[in-house]
Amino acid sequence: MPNKPNLEPWKLTHEEPALTTPRFTITKRIYRTPWNYDATFWIHSASDSVICFCLNEQNQVLIERQYRPAIGRVSVDFPAGKLEASDASPEAGMRRELAEELAFQPTELKLLGTIDKEPGWSESKLYVFLARGALNGTPKPDKTESLEIKSIPVESVLDLIGSSQMTCSFCLTTTLLAFRELKLPIS
């Protein structure tokens, strides 16, 4: 370990697949640090994702409630999903997800930022959007989704976070970026 920080790039010296699933892969990588240490990392690779802070015609935020097997309970989230190979861009993927999950047709869709999901072990990115529009039609969620859609006042999002009902780290970041864009106080 160096006596002072050395932030030079590390050299990849070895790479091999460790696990492949339909949703993600894990790759074993060995890097040589600038201070000549061989560091082993298990790198997660998956499709990039999109998430959206949606405002309907009444200027209320659309949220989803659904059961999440990984945490064993209902989660309160914003509309989100993984990008598909057929999506021409993150914006196209976000529009597809909004149509599938909510039957939401944005009249405005703005990219607020791109987030490294888990930079310590994952290469995947999350594209954060703000949308304005209307619900129009019938949602067509995939076979593993059973969604309850609600619209709430914008300021109520902070109550969901403060009461630990909305606990997804990506939703918290999305809220921060959306409130900054909308010039709303976070208190």
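For the range 19-74, how many residues meet the condition of being within 19 Å of Leu111 (Cα to Cα) and hydroxyl-bearing (Ser, Thr, Tyr)?
Final tally of qualifying residues: 2.
Does the range 133-160 hold any residues that are of a type in the set (Lys, Arg) and either buried (at least 16 other Cβ atoms within 10 Å of the Cβ) or farther than 23 Å from Phe179 by Cβ (or both), and which are they? Walk me through how you get there before you give the answer.
Going through the range 133-160, the residues of a type in the set (Lys, Arg) turn out to be 140, 143, 150.
Scanning the range 133-160 gives Lys140, Lys143.
State yes or no: is Pro141 part of a loop (DSSP other than H, G, I, E, B) and touching an Asp or Glu at 6+ places or on another chain (Cβ under 6 Å)?
Numbers: part of a loop (DSSP other than H, G, I, E, B): yes; touching an Asp or Glu at 6+ places or on another chain (Cβ under 6 Å): yes.
So Pro141 passes the test.
Which numbered condition in (1) without any contact (Cβ under 8 Å) to a residue 40 or more places away in the chain; (2) at negative phi is the only one that Leu98 fails?
Status for Leu98: all satisfied but (1).
When Ala92 is evaluated against the numbered criteria (1) under 18 Å from the mean Cα position of the chain (by Cα); (2) on the phi > 0 side of the Ramachandran plot, which criterion, by number, is the only one it fails?
(2)
For the range 124-166, what are the residues that are within 13 Å of the chain's Cα centre (by Cα) and not aliphatic (A, V, I, L, M)?
Ser124, Lys125, Tyr127, Phe129
With within 18 Å of Tyr127 (Cα to Cα) and in a strand (DSSP E or B) as the only criterion, which of Val50, Val74 stands out? Write out each step before concluding.
Details: Val74 fails: within 18 Å of Tyr127 (Cα to Cα).
Result: Val50 is the single residue among Val50, Val74 that is within 18 Å of Tyr127 (Cα to Cα) and in a strand (DSSP E or B).
Can you tell me how many residues within the range 21-40 are assigned to a strand (DSSP E or B) and farther than 10 Å from Trp10 by Cα?
Let us first name the residues in the range 21-40 that are assigned to a strand (DSSP E or B), namely 24-32, 38-40.
So of that shortlist, the ones also farther than 10 Å from Trp10 by Cα come out as 24-29, 40.
So the answer is 7.
Each value in this text was obtained by applying a stated rule to the coordinates, not by laboratory testing. Here the structure is a predicted model, which is why all the values come from computation and not from measurement. Every residue, glycine among them, receives a Cβ derived from its backbone with ideal geometry; neighbour counts consider all protein chains shown.
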